[in-house]
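One structure is given below, encoded as structure tokens.
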Amino acid sequence: MQKEEASANPAVRRRGPASTENGQRSRDRILNAALDLITEVGIDQVRVAEIARRAEMSSGQVMYYFTSKEHILLETLAWRDHQDLIRTRAALAKVTGAWRQLERFIGFYLPAGPADPSWILWMEAWARAPHNRKVSQFLEELLALWRDDLAAIVARGVQEGAFAPPAAIDDFTLRFAALLDGLAILRLRQMHQPSRKRLIELAMITARAELSRDGAAAPAD
């Protein structure tokens, strides 16, 4: 499941000139401020001056590290997503059993609610992908890390005899991640949103249909 640090944190390769500890702290203050403001009102309603004010910096200092609001959005997403991956991997390392690991992975992947900061960043970035190939590629690199971790869980489950091997593991992870993204969108709606518990159950039903050996049901716990 673990990957090279440079791959797990795309922001490291794309960040602005923050070569010192003080510079990195300043950059992180900007990202924290941007995360709060984007979560509150969306990137289109946020001005660079507001981000600077929230970070207790000048607009010039903000633009020293970033080239545009879109750059701030993408770097904030990569920064937050890296934190989410680290938390997810640490939690899964404490879980035994492939089915339990898969269920926990699903729980970490799905949004906690419609105001989940990580998913708000993802939705803001996804909206730009159809019109910008570089943004689309950036997001694909982030998503690939989650699919790799999912593939590792499936491969381990197959090796342990808990899962039936899928016909093609890459096809399974692509399809299953797409299912989780669709369920996440249901959770992000302001009205008529299914509970998070129900969405996890729906995802596990699909997983059991594809991964259970000889049609046997997966363990409930």
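Per residue, the solvent-accessible area of the chain (1.4 Å probe, heavy atoms of protein chains only, all protein chains present) comes to 52 Å². Full extension of the chain segment joining Thr20 with His131 gains 36.5 nm, where the gain is 0.36 nm per residue of separation less the Cα-Cα distance. For the range 107-125, the residues whose backbone nitrogen is under 15 Å from a point 7 Å from the Cα of Arg198, taken along Cα to Cβ, are 113-114. Among the lysines of the chain, pairs that are 8 or more positions apart or on different chains and have alpha carbons within less than 30 Å of each other number 6. When a 1.4 Å probe is rolled over the protein heavy atoms, the share of accessible surface on the chain that falls to carbon and sulfur comes to 52 percent. Summing +1 for each Lys or Arg and -1 for each Asp or Glu among the other residues whose beta-carbon sits under 10 angstrom from that of Ser195 gives +3. Taking the C-alpha atoms only, the angle from helix 196-211 to the longest principal axis of the chain is near 50 degrees. Put +1 on the Cβ of every Lys and Arg and -1 on every Asp and Glu Cβ in the chain; which of Ala168, Ala34, Ala125 then has its Cα farthest towards the positive end of the dipole? Towards the positive end, the residue furthest out is Ala34. The helix-based estimate of mean residue ellipticity at 222 nm for the chain, built from -39,500 (n - 2.57) per DSSP H run of four or more residues and divided by its residue count, is -22500 deg cm²/dmol to the nearest 500. Karplus-based coupling profile of the range 176-187, in residue order and whole Hz: 6, 5, 5, 4, 4, 4, x, 5, 4, 4, 4, 5, with θ = phi - 60° in 6.51 cos²θ - 1.76 cosθ + 1.60 and x standing for Gly or Pro.
The values are calculated or read from the model by the stated rules, or taken from the named source; none is laboratory data. This structure is a prediction, so every number in the text was calculated from the model and none was measured. Cβ coordinates were reconstructed from backbone atoms using ideal geometry, including for glycine residues, and neighbour counts include every protein chain displayed. When the accessible area is computed, the model is the full protein with side chains, heavy atoms only, and any ligands, DNA or RNA have been set aside. Shrake-Rupley method; radii C 1.70, N 1.55, O 1.52, S 1.80 Å.
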